[in-house]
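Comments concern the structure below.
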Amino acid sequence: MKKRIISLLLVLAMLVSAVAMVSCGNTGDSGNEGENGGNGANKVRYDVPAEGYDGSEVTITFYHSMGARLQTVLDTYIPEFNKLYPNITIEHSSQGDYDGVRDQIKTALTAGNQPNIAYCYPDHVALYNVAKAVVPLDNFIESTITVTDANGNTSALGFTAEQIADFIPGYYAEGTAFDAAGTMYTLPMSKSTEALYYNKTFFEQNGLSVPKTWEEMGKLCEQIKAIDPDCVPLGYDSEANWFITMCEQYGSDYTSLDKNGHFKFDNDTNRGFVKMFREWHQNGWVTTEEIYGSYTSGLFTATEGQKCYMVIGSTGGASYQQPPQVDGNALFETDMATIPQVNPDAPKVISQGPSLCIFKDSNPQEVVASWLFVKFLTTNVEFQAAFSMASGYAPVIQSVQSNTVYQQWLDKANGINNLTALSVKLALSQSNAYFVSPAFNGSSAARDEVGKLMQSALVYTGSDVDAKIKELFEAAIYECEYAAH
Amino acid sequence: MKNFLQKIKFDQWKAWIYLLPAVVLLLIFTVWPIFNTLRMAFWNGYGLFKELGGELTFEFGIKNFKWVVGYGGFITCLKNTMLLTVLTVPISTILALVIAVCLNAIKPFQRFLQTIFFLPYVTNSIAIGMVFEAMFNIVGFGTTMPSYGIINNILGVFGMDPVNWINAGSSYWANIAVLTVYIVWNALPFKILILLGGLQSVNKQYYDAAKIDSTPRLRVFTKITVPLLSPMIAYVVITGFIGGFKEYSSIVGIFGDDMQAVGGESLNTMVGYIYKQLGANHEGDASAAALILFAIIFVVTMINMYVSKKKTHY
Amino acid sequence: MADKLMSTMHEKDMQKVTAMQKVTKILVQFLLYAFLIVMALIIVFPFYWMIISSLKNTAEYRLPVPTLFPQEIMWGNYLEAFTAANLGKLFMNTVYVGIVSTILSLVVTVLSAFAFARLEFKGKNALFAALLATMMIPGELFTITNYVTVTKFGWLDSYTVLIVPFLVSVFYIYLLRQNFLQIPNELYLAAKVDGTTDLKYLWKVMIPLSLPNLISITILKMMGAWNSYVWPRLVTSTDDYRLITNGLRDAFTDMSGQANIPVQMAAVTVVSIPLFLVFIFLRKYIMKGVSRSGIKG
Amino acid sequence: MKIVLQNLTKVFPSRNKKSNEEVVAVSDLTFTIPDGKLVGLLGPSGCGKSTTLYMISGLQKPTGGQIFFGEDDVTSLSPENRGVGLVFQNYALYPHMTVKQNILFPLQNLKGADKLDKNTMLERALEAARLVQIDNLMDRKPSELSGGQQQRVAIARALVKMPRVLLLDEPLSNLDARLRLQTREEIRRIQRETGITTIFVTHDQEEAMSISDVIVVMKLGVVQQIGKPQTVYDNPVNLFVAKFLGTPPVNVFKANVKGGKLYINGEAVLDVPGVADRDVFAAIRPEGFIPDENGAMTCELSSIEVMGRDVSIVSKNEAMLTPTIRSIVDADYKVSATAQNVKFNLKPHKVFIFDSQTEERIYFGDQTAPETGI
C-alpha cells in the first residue's frame, strides 16, 4: 500500500509540475515600437523612450563567436563600461562561429528568447528582419536625449557628428544595406577584407611584379606555371566572394533589393568571367579551397611537394599565410597587396567581419542599455585598438590609427612573423574600396548558389562549356527564386 | 457482481495513473509538435518568422504541398533517398545475415569477433563521418601532385587506378558508392546483433535434423535458416527502410552542408530537403514535406508488413 | 518397400568419403574465418584510422601518402583535447544527464509497459496503436516546436531541458510490453489472489524477469545521451550544461576555421572508449535484450 | 544391416571450467544390433542411452571405440554420409514447412545414385505418409497438428528416404497415455513392414518391453544386460536390471543364505542348494507369491486390491527394502481382508538372489546364467 501511495504521489507531482511549467512560461513580447511602415522610402523607426536610460538595473546578453583571446579583451573592457553604467550587467557567450550565432538566434527568436546584442552579417540581419526582431538604429543615432553616467558627466544618447565622421565610411554604410530607404540596422564592430598574399621572395627571385588587374594576373599565372610546372600559381579561398567581387568590379548585376526580382546575376558579363576563370582552372593556374580539397594556405606554406605562390584570402586569416620556419629562419617572405581589379583606378574589395545588431525586447530599458554598450564598443578608441591587435581585424573608426600603442603595433608589421599587422595596414589603406551587397530574405541563398556555380563551372571538363555555364546559371537562379519564395 | 464492476472501474483509472507520466510527456513533446506540423503544413506560405513578424494571416490550403512537389530539386531528393534505400537495405541485410550465420557457425573467437562487429554501434557518428571522408579524400585532385586517401592507396596495391570518390568533379555513382559503403557500414552492427540474437534462439535440433538428412549447406541456409529467421529479417528490413528514408546525417558527414561533391550532382535527400527548408524559413514547406515523407514511409511500411506477413512463417 | 533402401556404403568409396569430409570441413572453417576476418578488418578500419590519426601530428596527418602507423606518437594530442575542450566538465554533464534520464525513463517506461501489458482499460489498443504510429513520423520537425515549448517553460540552459523532453520512448515501451506479455498471466492472477499489490508484483516479479531488457534499455539510453548532438546544442549555451559531443564539434577549430584533426580524433577516441567498454562488459545483456525483444509482436 | 558398437566411449568435458571433472556418459560399450531388428535402449535418465543413439547417428563423436554399419567402420563419418533416419524427441519438424514439404525435404537432398525425379519423390512421400496414416494432413503446418500427428510426421520424414538405420529418441515421451499405447504399436508395425534396423531410446521399460526385439539395459554409461525382453525379465543379471524391469516392480528383501536355505526375516523361504552362507538381496517378482495359510513367508497384510482377473495383495515385512510388498495372485485365491497376516509360498524361478556387495546374481536355480551381450 505504501508503495502505491508513493507512486501516486510521484505521478501527481509530475503532472502538477508539468502544468505549472506550462502556465508560468513567459507571455512573449511584441515590444513597444512605433513603426511607420517600412515599404516606401521611409525609414523604419524605433521609439526611443523619452527618458533615455533611466539607470535601472538590466542584464544584457551578447552572442558572439569570439575565441578565448578576444573574450579576454572583451572582459577587460566591460568593467570600463561598468564604470560609466554600473547597473548594466553584460553577459556574453560564444556560439562557435558566425553560423552558430545565426542558428542559435534563429531558434531563440521563435520562442522570444533572443539575446539583446549579437554579432551579425547583413544576411543574418535580413533573416531576423523577417520576424521584425531587429531594432532600427536611426532614432538612437539621431537622439539628443541626454544621458548621465556614473561620473556625473552628461552626453547625448545618440552619436555626435564627429563620432559619425570618425567611422570608416565604407564600414558605416554596411548598416544601411537592407532597404531602399537606408534604414540603419547594424553598426560595424571590426572588419576584414580579402587581400592578395604573395611569396615576395619567389617574386623577387624571378623578377615578377605584383598584378594590379585580372589581365595581369592571367599573364602572371602563365609565367609562374612555366617556372614551376607542378605548382598552382593562385589559390582563391572563397568561390562566392570571388563571384560577388567580380560582379562589383565589372559593375554587372548581382542581386537587388527590388522585391520583384532579387536575383539578377544571370547575365553575359558574369557568364563571361566564369568562363574565363574556368579556363584558368583548367590550365592549372588557380584552385579554390573546395576544389583543392583542403585549405589553400596549406599550399602557400607547403615546404615540399606542390606549392602555390599567391593566395587571395581573408585578411583575418593572415597568420596562416606566414612563411614556415626551419631552425628559426623563415623559408621566404610573404607580402600583401590589394586584390586584382577590373579597373585599378576604382578598386572594389568586399567588406567582411562582424557587425552588431540589437534585438527588440519587452523592456525598452534593455534596448537602451544595449545601445549604450554597442555605442561603447564601436566608439571606444582603446577597445577598438586592443580588439584589432588581438584579432587581426581592422578597427572601424579612424581615430584608432592615431592611438600611439596601435601606431607602434602597426609599425612592427612585416611579412615574416607579423603578417597580422601587415594585413590590418592594408585593410586600412583601401578603405575607399569597400562594398557590400544588398541583404534581404534570400540573399544568403544567392551567396551559396553563386559559390556552388563557380565551383561547378571551374571543374567542368566537358566540351560544351557555354551550354554548361548557361545551365549552371539557370539552375542557380531557380534555386535562389525557390529559396526566396 | 457490483463489486466486480467497481473493480473494473478502479482498474480503468489505475491504468491511466500508470500511463500518466508517459502520456503527459508525449502530449507535450510529441503530440503537440505533430499538430503544429499539420497547422504549418496546411497554412499557405507559412513561415515562422513571417508569423512572428505579424505579416501572416491564416489561410488554409495545400499551396505548400504544391510548392514542395513542384520544386525540381524535390524529385532529386526523392530519387536519391529511394536509391540509397534500395541499395543499402538489401546489401546490409544480406551482409549482416551472412556475417551472423558465419559468426554462429564458429566457436573460437566468436565472442571476440562479435564484439568487433558491434563496434560501429558505439561510435560517435560525427567522428566516423570525418574518418570516412579522410579515407576517400584526395587532396589536390586534378593537379599534378595529388595525395590520395587510404582507399585509393589500397586500390593502388591491387594495381588499380585511383578513383575520384568524393572530390571535385567526381561522378554521381562514385558518390553513391561511398555513401552506400558508409551507410551499410553504419547499419551492419544493429542488424548483425538482431539476426545473431535470432539465430542463437533457433532450436539447434533443426540443424541436426538437416544434417541427418544430408542437407547441403547452401540449402540449409536458404531452406531452414532464412525461413526460421524470417520474423527477424522482416523486422530488420522494415526498420532499415524507415531508417533509409530518413537518411541525412551520413551525407552531411561526408559531403558537408552542400550535400554534393564540388561540381557534382546533388545528393540531397528528403530529410535534407526538410532541413534546408527549415533553414530558409519555409516551415510550411518543411512541414508539408515531412507529411509527404511520413506518407511514403507509412505506405512502404505497410507494403513491407504485408509482404512479410506473407513471407514470414509461423 | 525394403527394395528401396538407400544405397549402402559398399557402393561408395569409404575412404574417399571420409577424406572428402575432412577436407570440406577444414575448407569450410577456413573460409568462414577468412570471411569473418576480412569483414572484421573492414569494420575495424575506421577505428584504427581514428586512433592512429589521434596520435599523429598535423603535418604527418596531411602527408600525401598516409602512414599506417604514426612516425612520432603524439600523446600530447590527448592532453590538448582535454584542455582545449573542457572535456572534463562536459564529460561529467553527460554522465549526470545520462544517469538521471535513464532512471526516470525506466520508471516511466516500466509503468506504461505494465499498463499496456497487464491492465485492462478502455481505448488501450487504440492508444497503443497511436503510440506506435508516432514512431514513423520523422522527428526533425519536432525540434522547433519543442524548442518553443521548453523556452516557454523557462527550461533553457538547465539539466531539465536535456532530460525531460526525451524521457518517453515509444520504442522502449513497446519493447518492454512485449517482454511483459511473455510472462504468464497466471503469475499475475496468482499474485492478485494472494493480495499482492500491483506495484509489489511489478517490483518482485515483472522487473526481475525482464531484467535483461531493462539493462538493454539502460545501455541504449546511456548511449543516446552520449551521442546526442542537435538538441543539447540548441538548448544549452554554457559549458555548465553542454554535453560532450557539442564540445567535440566546436572546440577544435581555430579562427580561420581550420580544424586540428588529430586533436579532434583524440577527443573522439576518448569519447568512444566508455561506450566501447560498456559494450564489452554488458554484451551479454545487450544480446539478450535484442534477441528477446519479441519481434514476433 | 547390422550395427556393431565396439568399446564405444564418450567423455564430456566438465561444464564448470574451474573443476576438471569429466563426465563419462558412455563407457566401453560393446554390442551388436542384428539386421532388421527393433532394439530398445533402456535405462534411467543419465544412463547414456541418448548419447549412444547420437553417436550412432553421427551427431556426436565418440571419444573412443568404433561403430560399424555392416562391415564398414563409420566412426569418423559425418551424419550426412551415414544414411540414417532420426526422430527427435521434440520431433524437430520445420515449422515453416507443410507436412508434405517436411517429408519431401530429405528426398530433395539425395544425391548421386539415390537421386530421384520429382514424381518419384511425391510418390515416396505419399507412401511414407500413408504408412503413418497422415496422408490426409499433407498441407497442414506442424503447428496445426496434434502431438501424435507431429510424431508421425517426424517418423515419416525419417523413413521416407529409406534409411539403412532408423533411430528414435524417446519417441513417445511427449504423448498422452492413450496415444502412447497406440503409437508404439504403430512403430512396431512400421518397423516390421519396412524391415529397417531400428534403435529407439526410452526410459519407460514397459514401452521397451512391449515392442522391442531386443532390449539393452544401461546404467551410468555401462551396459547391464542385453537380450529379448522376456529373457531379460525372467533372468536378470543383477539387482539393477531386476528392479528396472517389471510393473509392478520387483519386491526386494534383505536376506541371508544359511545351509543352502534362503532366510527372509528369519524365515526359511526357499531352498538354494549350492550357495555358500552369506548376506544377500532377494528379489521376488509380484507374480512369484502363492498365498498359502501354511506358507513359509509371513507378511503383515496392509490391503487387498481386486483388479478383475487378478488380486493385488499389499503387505509389509521387516526385511523389505521397497516401501511395500506387492504381490499379484489369481483371483481364485481367497485372502481375508481382515486378517492380520498373510502367508506365502514362493515360485522358485521368480525369486532372484544377489550378492549383497556386488549386487550380482549368485543363484540361477534351473536357469542358465544369462549372457550380457548378443
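List every residue pair whose Cβ atoms sit under 6 Å apart, with the two residues 6 or more apart in sequence or on different chains, where the first one lies in the stretch A:441-458 and is facing another protein chain (nearest Cβ under 10 Å) and in contact (Cβ under 8 Å) with a residue 24 or more places away in the chain and the second, anywhere, is among the aliphatic types (A, V, I, L, M) and surrounded by fewer than 22 Cβ atoms within 10 Å (Cβ to Cβ).
Going by the 6 Å Cβ cut-off, the qualifying pairs are A:Asn441/A:Val130; A:Gly442/A:Ala484; A:Gly451/A:Ala240; A:Ala457/A:Ile469.
Would you pick out the residues in the stretch C:108-127 that are touching a residue at least 40 places away in the same chain (Cβ under 8 Å), more than 7 Å from chain B (Cβ to nearest Cβ) and not small (Gly, Ala, Ser)?
Selection gives C:Thr109, C:Val110, C:Phe116, C:Arg118.
Can you pull out every residue in the stretch A:66-94 that is within 19 Å of A:Ser370 (Cα to Cα) and within 9 Å of chain C (Cβ to nearest Cβ)?
Within the stretch A:66-94, A:Ser93, A:Ser94 qualify.
Being within 14 Å of chain D (Cβ to nearest Cβ) and closer than 21 Å to C:Phe171 by Cβ, is that true of even one residue in the stretch B:208-228?
Scanning the stretch B:208-228, I find no residue that is within 14 Å of chain D (Cβ to nearest Cβ) and closer than 21 Å to C:Phe171 by Cβ, so the answer is no.
Residues in the stretch A:331-378 that are within 30 Å of A:Pro86 (Cα to Cα) and not aromatic (Phe, Trp, Tyr): how many?
Taking the stretch A:331-378 and keeping what is within 30 Å of A:Pro86 (Cα to Cα), we get A:353-378.
Checking the rest, the ones that are also not aromatic (Phe, Trp, Tyr) come to A:353-358, A:360-370, A:372, A:374-375, A:377-378.
Final tally of qualifying residues: 22.
Could you check how many residues of the stretch B:180-202 are within 7 Å of another protein chain (Cβ to nearest Cβ) and within 30 Å of D:Ala158 (Cβ to Cβ)?
Counting residues in the stretch B:180-202 that are within 7 Å of another protein chain (Cβ to nearest Cβ) and within 30 Å of D:Ala158 (Cβ to Cβ) gives 3.
When residues of the stretch C:145-162 are filtered for being crowded, with 21+ Cβ neighbours inside 10 Å and either over 14 Å from A:Ala111 (Cβ atoms) or not assigned by TED's automatic domain parsing to the domain that holds C:Ala225 (or both), how many remain?
Counting residues in the stretch C:145-162 that are crowded, with 21+ Cβ neighbours inside 10 Å and either over 14 Å from A:Ala111 (Cβ atoms) or not assigned by TED's automatic domain parsing to the domain that holds C:Ala225 (or both) gives 1.
Within 18 Å of A:Ile168 (Cβ to Cβ) and not assigned by TED's automatic domain parsing to the domain that holds A:Cys247, is that true of A:Val424?
The answer is yes for A:Val424.
If I filter the stretch A:110-124 for residues that are more than 18 Å from A:Cys357 (Cα to Cα) and at pLDDT below 90, do I get at least one hit?
Looking through the stretch A:110-124, at least one residue is more than 18 Å from A:Cys357 (Cα to Cα) and at pLDDT below 90.
Identify the residue in the stretch D:56-70 that is under 16 Å from D:Ile33 (Cβ atoms) and assigned to a strand (DSSP E or B) and, among all such residues, is nearest to the other protein chains (Cβ to nearest Cβ).
Looking at the filtered set, the residue picked out is D:Phe69.
Among the numbered criteria (1) touching a Leu at 6+ places or on another chain (Cβ under 8 Å); (2) at pLDDT 90 or above; (3) not polar (S, T, N, Q), which single criterion is violated by D:Ala242?
With respect to (1) touching a Leu at 6+ places or on another chain (Cβ under 8 Å); (2) at pLDDT 90 or above; (3) not polar (S, T, N, Q), D:Ala242 is out only on (1).
In this structure, does B:Ile151 turn out to be in contact with a helix residue (DSSP H, G or I) (Cβ under 9 Å, 6 or more places away or on another chain), farther than 22 Å from C:Tyr61 by Cβ and in a helix (DSSP H, G or I)? Steps first, answer last, please.
Values: in contact with a helix residue (DSSP H, G or I) (Cβ under 9 Å, 6 or more places away or on another chain): yes; farther than 22 Å from C:Tyr61 by Cβ: no; in a helix (DSSP H, G or I): yes.
Spelling it out, it is not the case that B:Ile151 is in contact with a helix residue (DSSP H, G or I) (Cβ under 9 Å, 6 or more places away or on another chain), farther than 22 Å from C:Tyr61 by Cβ and in a helix (DSSP H, G or I).
So which of D:Glu170, D:Glu144, D:Glu186, D:Glu193 is surrounded by fewer than 23 Cβ atoms within 10 Å (Cβ to Cβ) and under 11 Å from the mean Cα position of the chain (by Cα)?
Going through D:Glu170, D:Glu144, D:Glu186, D:Glu193 in turn, just one is surrounded by fewer than 23 Cβ atoms within 10 Å (Cβ to Cβ) and under 11 Å from the mean Cα position of the chain (by Cα): D:Glu170.
Pick from the stretch B:110-148 the residues that are β-branched (Val, Ile, Thr) and in a helix (DSSP H, G or I): which of them is modelled with the lowest pLDDT?
B:Ile126
Quick check, is A:Thr420 within 14 Å of another protein chain (Cβ to nearest Cβ), over 30 Å from B:Val68 (Cα atoms) and not in a helix (DSSP H, G or I)?
When the stated conditions are applied, A:Thr420 does not pass them.
Specify which of the listed residues (D:Val252, D:Val241) is away from every other protein chain (no Cβ under 14 Å), closer than 30 Å to D:Val23 by Cβ, surrounded by fewer than 22 Cβ atoms within 10 Å (Cβ to Cβ) and in contact (Cβ under 8 Å) with a residue 12 or more places away in the chain.
D:Val252
Look at the stretch B:160-179 and say how many of its residues are within 14 Å of chain C (Cβ to nearest Cβ) and either modelled with pLDDT of 90 or more or part of a helix (DSSP H, G or I) (or both).
1
Kindly provide the set of residues from the stretch C:141-199 that are more than 20 Å from C:Phe128 (Cα to Cα), in contact (Cβ under 8 Å) with a residue 60 or more places away in the chain and away from chain A (no Cβ under 13 Å), ordered by number.
Result: C:Tyr159, C:Leu162, C:Tyr188.
Of the residues A:Lys132, A:Lys106, which single one is of a type in the set (D, E, K, R) and in a loop (DSSP other than H, G, I, E, B)?
From the options A:Lys132, A:Lys106, the qualifying one is A:Lys132.
Taking strands (runs of 3 or more DSSP E) that do not extend beyond the stretch D:289-372, which have at least 2 residues that are surrounded by fewer than 12 Cβ atoms within 10 Å (Cβ to Cβ) and touching a residue at least 60 places away in the same chain (Cβ under 8 Å)?
none
On the given criteria, is D:Thr63 farther than 26 Å from D:Asp204 by Cβ and either in contact with a His (Cβ under 9 Å, 6 or more places away or on another chain) or in contact (Cβ under 8 Å) with a residue 40 or more places away in the chain (or both)?
Details: farther than 26 Å from D:Asp204 by Cβ: yes; either in contact with a His (Cβ under 9 Å, 6 or more places away or on another chain) or in contact (Cβ under 8 Å) with a residue 40 or more places away in the chain (or both): yes.
So D:Thr63 fits the description; yes.
Check the stretch A:281-293 and report whether any residue there is at the interface with another protein chain (Cβ under 9 Å from one of its Cβ atoms), in contact with a Pro (Cβ under 9 Å, 6 or more places away or on another chain) and buried (at least 21 other Cβ atoms within 10 Å of the Cβ).
yes
If I ask for residues that are within 27 Å of A:Gln341 (Cβ to Cβ), within 12 Å of chain B (Cβ to nearest Cβ) and surrounded by fewer than 23 Cβ atoms within 10 Å (Cβ to Cβ), which ones from the stretch A:459-468 would you list?
A:Tyr460
When the stretch D:162-194 is examined, which residues are found to be within 13 Å of chain C (Cβ to nearest Cβ) and hydrophobic (A, V, I, L, M, F, W, C)?
D:Met162, D:Val165, D:Leu166, D:Ile190
Quick one: which strands (runs of 3 or more DSSP E) sit completely within the stretch A:325-389 and have at least 3 residues that are touching a Cys at 6+ places or on another chain (Cβ under 9 Å)?
Where strands (runs of 3 or more DSSP E) fall fully within the stretch A:325-389 and carry at least 3 residues being touching a Cys at 6+ places or on another chain (Cβ under 9 Å), they are A:355-358.
Across the stretch C:96-131, what is the number of residues that are in contact with a helix residue (DSSP H, G or I) (Cβ under 8 Å, 6 or more places away or on another chain) and not in a helix (DSSP H, G or I)?
Looking only at that region, the number is 4.
Any residue that is farther than 24 Å from D:Met55 by Cα, modelled with pLDDT under 85, in a loop (DSSP other than H, G, I, E, B) and among the charged types (D, E, K, R) - is there at least one of those in the stretch D:176-185?
Yes: the stretch D:176-185 contains one or more residues that are farther than 24 Å from D:Met55 by Cα, modelled with pLDDT under 85, in a loop (DSSP other than H, G, I, E, B) and among the charged types (D, E, K, R).
The values are calculated or read from the model by the stated rules, or taken from the named source; none is laboratory data. Because the structure is a prediction, the values reported are computed rather than measured. Heads up, the Cβs are rebuilt from the backbone with ideal geometry, glycines too, and the neighbour counts pull from every protein chain shown.
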